[in-house]
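In what follows, a structure is listed as structure tokens, so that the remarks can point back to it.
The values are calculated or read from the model by the stated rules, or taken from the named source; none is laboratory data. Because the structure is predicted, anything quoted here is derived from the model rather than measured. Note that we place each Cβ from the backbone using ideal geometry, even for glycine, and neighbour counts take in every protein chain shown.
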Amino acid sequence: MNLSPAFHQLRSAYQAELDDLSFDSEGRDVLRQRLADKRKSVDFLLQMTEVAPEMVAPVFHQAFGFKEPGLMNQLVSLELDDLPEWDEVSASITLAPWATSLVQTFLKQADGQRFMVIAAALAYLHDKPGAAGASSSGDDDDEHDHEEDDDGDHLDSDDDNRRESDDDGRSAEEAGADWLEQQGFDRKD
């Protein structure tokens, strides 16, 4: 899977938001309660969809199912301005019954179509095995590493440069820096 720089950043921020919501200061799991509270604050959250979609998207935690992972892989490779409308992708996404009215509320907003696509994409990235966390090791060769698109061409989700070391003996840090550069980030060195 090839993440755009935007989704790479949003995925990390979304995961951090879910982590923040998950446990209280005493280490108790409070995610359900905090998500319920967040869903009651929809009027406030509607104001944040454009500037901080990763902070709002958790209201849809566990609301989406994905019929076409290939489509979702393509979506997360796009920049935010290039995303299709929700109406174009919603047929490939199933919704939990409790989320239907919530989706309609968000779709009434000027940027609702875009936000819903972002929310679904973030949920997809969170739910996808091996995609959680920004530092996937790249060492596990599972069936998600080499998917095929509709034409039968291979879509590699892991770049060989992400391996801990490659054939010429480069360090994991160098390989990681190469991979980030290929994703559009500037090199630190």
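Return the pairs, sorted by first residue and then second, in which the second residue is exposed (fewer than 11 other Cβ atoms within 10 Å of the Cβ), the first residue lies in the stretch 19-44 and is in a helix (DSSP H, G or I), the beta carbons are less than 8 Å apart, and the residues are 6+ apart or on different chains. Going by the 8 Å Cβ cut-off, the qualifying pairs are SER22/ASP29.
Looking across the stretch 73-84 at every residue that is surrounded by 13 or more Cβ atoms within 10 Å (Cβ to Cβ) and in contact with a helix residue (DSSP H, G or I) (Cβ under 6 Å, 6 or more places away or on another chain), the one that is nearest to SER4 (Cα to Cα) is identified as VAL76.
For the stretch 7-23, taking the residues that are of a type in the set (Ser, Thr, Tyr) and within 22 Å of ASP37 (Cβ to Cβ), the one that is surrounded by the fewest Cβ atoms within 10 Å (Cβ to Cβ) is identified as SER22. The set of residues in the stretch 65-107 being over 20 Å from GLN9 (Cα atoms) and part of a loop (DSSP other than H, G, I, E, B) consists of LYS67, GLU68, GLU85, ALA96. One residue stands out in the stretch 103-132 among those that are of a type in the set (A, V, I, L, M) and at pLDDT below 95: the one that is surrounded by the fewest Cβ atoms within 10 Å (Cβ to Cβ), namely ALA110.
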